[in-house]
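Heads up, the thing below is written out as structure tokens.
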Amino acid sequence: MPSSACTQFLTWFTMNTEKDKNKTRRDFFKVSATVVTGIAINSVFVKPSMVQAENEKENIKIPDFDKWYGFGIDIDKCIGCGNCAKACKIENDVSQEPFYFRSWVEYYVIKDDETIKIESPNGGIDGFKQSVPPDEIEKSFFVPKTCNHCAKSPCEQVCPVGATFLSPEGVVLVDKKYCIGCGYCVQSCPYGCRYISPITHTVDKCTMCYHRLKKGLPPACVEACPTGARIHGDLHDKEGELVKFMKEHNCRVLKPHLNTKPKLHYNSLNEKVI
Amino acid sequence: MPQQVTRLILVFAIFIGIFYTVRSYFVPESWGEFGHYRGNAIREIAALETKYADIKTCIECHKENAGLLAEGEHASIKCQTCHGPGYKHNKYYELQGKSNTPDSASMSTEITDTSVSTENTDTSIQKHKSTTPEEFRLRTPDDRKFCLNCHELNSGRPEKAIKQIDVTDHYNMKKKCIKCHPPHAPNS
């Protein structure tokens with residue numbers, strides 16, 4: 001019975017193909033074989049992302065499980081020029097409007113009467129003017145701020161859709177295609193490092209210039225800093241620049257009591273900095 | 001097997017089947033590759049374009065100025081801090097080939113403002129600038145405001161980190177800073 005069905009099918013097939021004189025059964029098998037092989041090869045060898053293949057040529061792994069990135073900031077070297085904040089906005093297409101910052105600089109003035117004035121006009125991009133007369137100042141300094149890329153980040157924990165995550169390199173990233181813009185993470189960040197982008201209407205934050213790191217370049221803020229106050233490096237690399245900086249200086253992190261394990265290490269950070 | 005059990009198994013099988021079909025439809029392709037997120041999100045972020053170039057590509061053509069800078073007081077400043085993001089500029093000249101780049105030997109100064117008539121004005125850099133399409137041109141800031149962004153006296157600036165000037169009493173306030181202090185070698 002099956003053989004007769006087969007014969008019937010073949011007869012029908014032959015009759016149909018005979019209409020098209022140019023094509024034979026052999027041609028049909030040839031085409032079929034090519035298509036099937038093509039699909040098989042495609043599914044086995046071609047990965048969904050060609051980007052990955054491109055970057056692997058340069059021996060840069062995406063992601064790299066051996067790295068654990070962090071930042072170092074030397075307040076003794078920060079002159080409050082705002083070049084880091086400016087470069088960050090350019091590099092990452094951040095809205096030029098004030099109040100949207102991935103990276104910004106704060107100017108702390110501790111007065112004689114122990115009151116503290118904190119300023120950050122346009123995130124420090126346009127520079128700072130001394131607003132308190134010198135005879136009233138006890139101490140003043142600049143504090144550059146950005147995402148702390150916490151190892152135990154609250155923002156990652158509250159995201160209801162898994163759009164915020166800690167990459168294997170220790171960089172807190174946002175999947176903009178998956179973010180629903182609910183703003184939970186904006187509220188949960190104790191360092192105020194997140195905002196809802198007026199352009200994409202999803203959350204936006206410092207990516208540690210992940211796209212630059214994967215091209216072997218330092219983050220834009222580090223590239224733009226004129227005094228070398230910003231240091232970026234791998235915390236696993238014991239001979240690296242960042243680990244050396246942390247060995248040579250007494251570094252502190254912001255809000256250590258929250259146990260968020262920040263990876264933004266400040267040298268000469270005043271206790272008044274919040 | 002009793003009939004009700006068979007039916008129950010059938011119902012369960014259908015529900016499980018539907019669940020997995022729907023699940024495979026809604027869960028993104030690379031979900032869970034590295035954790036509770038889309039693995040492709042990492043690749044997408046890594047593929048973004050840079051605006052600030054690799055400093056090595058600046059030095060390739062501008063050797064003279066890079067050399068001056070490295071020896072002077074401004075050694076810690078990198079090209080793009082003052083000149084702005086240079087990826088497009090460098091890419092343009094990479095595609096153009098090295099023929100159109102400035103003659104590094106004659107690029108000892110960088111004053112480019114044509115309104116300033118000074119013996120320092122270098123024709124080579126001007127020519128280079130005029131032949132560069134506007135889109136790929138880099139800024140060459142020469143105004144006092146730009147210099148004072150870092151050098152103006154401010155209580156917050158660490159004295160060791162930077163030389164600061166009091167604008168109210170510094171010599172000849174109308175003159176541009178770079179007339180006396182060439183930015184690539186500001187030792188004088």
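Values quoted throughout were computed directly from the atomic coordinates according to the rules given, and no laboratory measurement underlies them. Note that the structure is predicted; figures quoted are calculated from it, not measured. For neighbour counting, all protein chains shown are included, and Cβ atoms are generated from backbone atoms with ideal geometry for every residue, glycine included.
Things to note:
- Full-extension gain in nm, B:LYS129 to B:ILE16, via 0.36 nm per residue minus C-alpha separation: 33.9 nm
- If you sort the three axes of the alpha carbon gyration tensor as a ≥ b ≥ c, you get a/c of 1.5 or more for segment B:3-46 and a/b above b/c, which makes it prolate.
- Placing +1 on each Lys and Arg Cβ and -1 on each Asp and Glu Cβ, with no other charges, gives segment B:1-103 a dipole about its Cα centre of roughly 620 debye.
- FRET efficiency for B:ASN187 and A:LYS255, using Cβ-Cβ distance with R0 set to 56 Å, rounded to 0.05: 0.85
- For segment A:91-96, 3J(HN,Hα) per residue [Karplus equation, 6.51 cos²θ - 1.76 cosθ + 1.60, θ = phi - 60°, Hz, x = Gly/Pro]: 4, 10, 6, 7, 3, 6
- In this Cβ point-charge picture (+1 for Lys and Arg, -1 for Asp and Glu), segment A:69-267 has a dipole of about 660 debye about its Cα centre.
- The simple spin-label model puts a point 7 Å past each Cα toward its Cβ; for B:TRP31 and A:ILE90 those points are separated by 4.1 nm.
- Label-to-label distance, nm, for residues given as A:GLU119 and B:ILE165 (7 Å Cα→Cβ offset): 2.2 nm
- Chymotrypsin sites (Phe, Trp or Tyr not before Pro) restricted to segment A:80-109 and DSSP loop, no more than 15 other C-beta within 10 Å: A:PHE99
- Nonlocal amide H pairs with A:GLU106, under 5 Å, H built at 1.01 Å: A:VAL143, A:LYS145
- Distance cut-off 27 Å, percentage of C-alpha pairs in segment A:143-274 lying past it: 20 percent
- Annotation: extensible slack from B:LYS179 through B:ALA75 equals 35.5 nm (criterion: 0.36 nm per residue apart, minus Cα-Cα distance).
- Cα gyration tensor shape for segment A:107-159, rounded if a/c is under 1.5, else prolate or oblate: prolate
- GluC sites (Glu not before Pro) within segment B:1-101, DSSP loop, no more than 15 other Cβ atoms inside 10 Å: B:GLU29, B:GLU33, B:GLU49, B:GLU73
- Taking other C-beta atoms within 10 angstrom as a stand-in for reagent exposure, A:LYS86, B:LYS91 fall in the order B:LYS91, A:LYS86, fewest first.
- Computed from the Cβ-Cβ distance with R0 of 35 Å, the FRET efficiency linking B:ILE9 to A:SER32 stands at 0.35.
- Restricting the GluC sites (Glu not before Pro) of segment A:67-119 to loop positions (DSSP other than H, G, I, E, B) with no more than 14 neighbouring Cβ atoms within 10 Å leaves A:GLU114.
- Which of A:PHE141, B:PHE26, A:PHE65, B:PHE34 has the fewest Cβ neighbours within 10 Å, and the rest in rising order: B:PHE26, A:PHE65, B:PHE34, A:PHE141
- Each Cα pair of segment A:50-187 feeds into the Kirkwood radius, which the Stokes-Einstein equation turns, at 25 °C and 0.890 mPa s, into a diffusion coefficient of 138 µm²/s.
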